[in-house]
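Take a look at the structure below.
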Amino acid sequence: MAITRLNNNSITSITALPSAVAVENTPFLQVGRSTPQNINDNTWTTIVFDTEIYDANNIYDTSTGVCTPTAGTYLMNFIATVGNSSASSDSIHNCGLKFSIGGTETCEVVNNPLNKGRYWVMTISYIHTFNGSTYVIPQAYADVSSGQAAINGNTSPKFGASFTMNKLIT
């Protein structure tokens, strides 16, 4: 669809673009964590998202946490509430998120808070070109002084953790 002209904040003419111009922007993925996931203290752990919101082309495996996108360039976003699921006190020393792509640590963010807390909300974004057989695994860690390190969980639409992938039109 093309807008031909705007006149005083109103559209005066709209024409359809030829079908050859249309571009399909799939696959795309959005998954969330609806319940807490315990993780080993101070150890990078694969986060297994248990709820698929969108999974065009079935690129995500909810039993393993592995995503194998089709060939293309993707924007990936991973947000998680990382911390301590069992302690009421401020016991987190540091925490982090990363993307492991094809078994290689590719992009990592670590938080070493000056003020200790029970949970920290973290986010990481990365653009990567996949070949159609390479996988990506979102991982997290938390170093806690007591209690159980965990990723928070919650129900839709406010998941405790979520992972999205959007194929970019190139």
I need the full set of residues from segment 65-85 which are within 16 Å of F28 (Cα to Cα) and not in a loop (DSSP other than H, G, I, E, B), in order please.
C67, G72, T73, Y74, L75, M76, N77, F78
Single residue of segment 54-87 satisfying the filter (small (G, A, S) and open to solvent by less than 60 Å² (accessible area, probe 1.4 Å)) that is modelled with the lowest pLDDT
A87
For V23, the lone unmet condition from (1) modelled with pLDDT of 90 or more; (2) part of a loop (DSSP other than H, G, I, E, B) is (1)
Long-range neighbours under 6 Å by Cβ, at least six apart or interchain, first residue part of a strand (DSSP E or B) within segment 45-64, second open to solvent by 40 Å² or more (accessible area, probe 1.4 Å) and of a type in the set (A, V, I, L, M, F, W, C)
Y54/F28
Given the criteria in contact with a Ser or Thr (Cβ under 7 Å, 6 or more places away or on another chain) and at pLDDT 90 or above, does V31 qualify?
yes
Taking strands (runs of 3 or more DSSP E) that fall entirely within segment 99-163, which contain at least 3 residues that are farther than 30 Å from N58 by Cβ, modelled with pLDDT of 85 or more and in contact with a Phe, Trp or Tyr (Cβ under 9 Å, 6 or more places away or on another chain)?
none
Please indicate, with yes or no, whether at least one residue in segment 88-97 is open to solvent by less than 40 Å² (accessible area, probe 1.4 Å), modelled with pLDDT under 80 and either in a strand (DSSP E or B) or farther than 24 Å from E52 by Cα (or both).
yes
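The values are calculated or read from the model by the stated rules, or taken from the named source; none is laboratory data. Note that the structure is predicted; figures quoted are calculated from it, not measured. Virtual Cβ from ideal backbone geometry, glycine too; neighbours counted across all protein chains shown. Note: areas computed on protein heavy atoms with side chains; ligands, DNA, RNA excluded. Shrake-Rupley method; radii C 1.70, N 1.55, O 1.52, S 1.80 Å.
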